[in-house]
1. Averaged across the residues of A:66-78, what count of C-beta atoms belonging to other chains lies within 10 Å of each residue's C-beta?
2. For A:Arg246, place a label point 7 Å out from Cα along the Cα→Cβ vector, do the same in each other copy, and report the separations in nm, one decimal, smallest first.
3. Just report the Cα centroid separation between the stretch B:219-262 and the stretch B:320-354, whole Å.
4. Please compute, for the alpha-carbon atoms of the stretch A:1-155, the extent along each of the three principal axes and give them in descending order in Å.
5. Mean separation of Cα pairs under 8 Å and 6+ residues apart, divided by the residue count of the stretch A:183-320: what relative contact order is that in percent?
6. What is the local net charge at B:Asn286, summed over the other residues whose Cβ is closer than 15 Å to its Cβ (Lys, Arg +1; Asp, Glu -1)?
7. Say a label goes 7 Å from Cα toward Cβ at A:Lys345 in every copy; what distances in nm does this one have to the rest, shortest first?
8. Using a 10 Å cut-off on Cβ to Cβ distances, tally the other chain neighbours for every residue of A:97-106 and report the average as a whole number.
Number of protein chains: 2
Amino acid sequence: MKLKVPESIIVASEEDLAIEFLSKIWGKRPTFVCAIGTTETAKIPGISAAGANPEITDFTPPADVELLMYGRCKCIPGVPITPDGIPTPGLLTMTAINMSNMPVFAISGGVRVKPIAPYFELDGAPGNDIRTGSAVKDPRKVFDSAIVAGENLAANAEYIVVGESIPGGTTTALAVLMAQGYDAENKVSSTLPVNPHGTKIETVRKGLSNAIFSPEEMRNDTMAAIAAVGDPMIPAAAGFIIGAARKVPVLMAGGTQMAAVLSVIKAIEPAVMGNIALGTTKWIINDKTSDIRDLVSQSGRVPIMAANFDFTGSRLSGLRIYETGLVKEGVGCGGAAIAAICSSKGKIDSATLLAEIEKSYDRLMTGAK
Amino acid sequence: MKLKVPESIIVASEEDLAIEFLSKIWGKRPTFVCAIGTTETAKIPGISAAGANPEITDFTPPADVELLMYGRCKCIPGVPITPDGIPTPGLLTMTAINMSNMPVFAISGGVRVKPIAPYFELDGAPGNDIRTGSAVKDPRKVFDSAIVAGENLAANAEYIVVGESIPGGTTTALAVLMAQGYDAENKVSSTLPVNPHGTKIETVRKGLSNAIFSPEEMRNDTMAAIAAVGDPMIPAAAGFIIGAARKVPVLMAGGTQMAAVLSVIKAIEPAVMGNIALGTTKWIINDKTSDIRDLVSQSGRVPIMAANFDFTGSRLSGLRIYETGLVKEGVGCGGAAIAAICSSKGKIDSATLLAEIEKSYDRLMTGAK
């Protein structure tokens, strides 16, 4: 019998594959994994809003991991916020995780500030500024270790949701896609009120022209593309997803950054793509300044679905503002919500999610302001 | 119906509790976790044989982890050996893991050489020489993160086997036990042909007299005992086991080092001890120079069982020598074998284990010599 998709989930592409994937995970227990990294790219003015200012973006990924594991951050007071004071989407993720009691893990591709929490170390390094053309040290080593972590974690899991936290990640995603010959300009999303496509493209072009590899090498070798202009989250997430998807379904949780991760998976082990879907938010699929459907379809037939968050009626202005298109996605909040909905067989829905997210907001933001 | 314990497992203490524990894990899928650390204590001449020479002991734990995950070491050629050329007991562990297809994880309390493999980072540091009286930096931080890792990993596991690899570990175990007032002198085991009790006790006494905490503080605060004269594996393993044993049965896999880990568990969360057993080897329980039964019983009623390895008929001298009492235990080889036997409901036994261990030996030691 064909699964009736609940209203709290929007199927955004590849409807048949999406319903097939949702049927596989319906009523099953999700395991959540957050892939993290930090880069100097995020500190270029105008690139990232994942932190109150560019210099503080090093703290955002570890703080997000702590939030997911402890319900509060340890390495910073309060929670990560945008320059406008909007709290990290990790708050949404944390709420979805708690509502469905998911086990949580973190994997690090390379971070400057370490989480005060357990995480899989893959012996990577934080990323350089991609304008140097030498952004990531030895991505293959991180990728190979991540495969082993993914395989072992998947051995006991029913399915896995993989989110990310890496400030500036859409710019490095754009760079990795362009380096491999994808048509990606003006298609990645942004946390900022106005998507700074110009700044991003200019940054990427500088990186590509300074790259330690030739255009042909980067087009033909996904690891060369990452090493030149990528970020450390990408090989960690791609390796982990490949290892896990050999054994269980994997829901890639994120926005356009995950298109870059998918391009790496497609380049190295496309066979696992049949066990993968992408879960994001309604704010991403409705975003007119980016095009996730097109970016994903350039890698292949991977279904996209979105959590149909509805914050319009929230009593909290910091949540209502999500409906204006700020933030949109991050820390796998869309995928985590989809997993919570599916694990509860639809008992968790947009309304119950909002109610619990408001409680989390009250608890965390009252002390933080 | 009461479980009939197979001949390949020896019940060494607390028979009723042992059979109850074995019944809980019979036919279940084990998950293996290796807790690692390195210390300067291991480099004191005459303390450790977990490496061809003291200086190389920093490589033994990462090499053991690589062996478990890849079936070969990456950070060293061949495999870790004793000064006499006997291969690491990790070779036995690896074989048991492969025979029953266990997922494998590593957790690091602090290592000087990093595994070329994924592992849970707990933000600890390698241990100092315990003679300084200031051996482990902030064990509470490692312990707290390890609890979270244990809880999350246990959420998907049927039960967990926790082994260790830390050279010099029986000396630091002795120190932690003595600091807490346990009667432990002459009771810890050794990999060496003659158990160097004198050297160990002298080392421990120097550490206790230089300790940064008073005797009363160390007796009453297990973390003070670790900080002064312990090693980084102990808080990692103890925290992880507490977190895991809140949810699923945990088989502590190791020799007398695990008595020190148990003393920490007993001091902090004794309620989980009902969900714990100790699995070791026949060479440990038959060892006349140590007394694991007594050490464990000082913490409480935790059953001890032993893998009834029988290498007497092996065609390989490097394995037959185990029967003379060299090496005895390490990398959780006894517990891993017990888990393999139980997961197969006794189909895997001492004979099939030896046959596969010989194959592993052939494959790994031919190239290494």
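1. Taking the mean over all residues of the peptide, I get 1.
2. The projected label point of A:Arg246 is separated from its counterparts by 3.3 nm.
3. Using only Cα atoms, the two centres lie 23 Å from each other.
4. 53, 37, 30
5. 24
6. Net local charge, B:Asn286 excluded: -1.
7. Ordered by increasing distance: 3.0 nm.
8. 2
Just so you know, all these numbers are worked out from the coordinates, no wet-lab data involved. All values reported here derive from a predicted model rather than from experimental measurement. Using ideal geometry, Cβ is built from the backbone for each residue, glycine included, and neighbour counts are taken over all protein chains shown.
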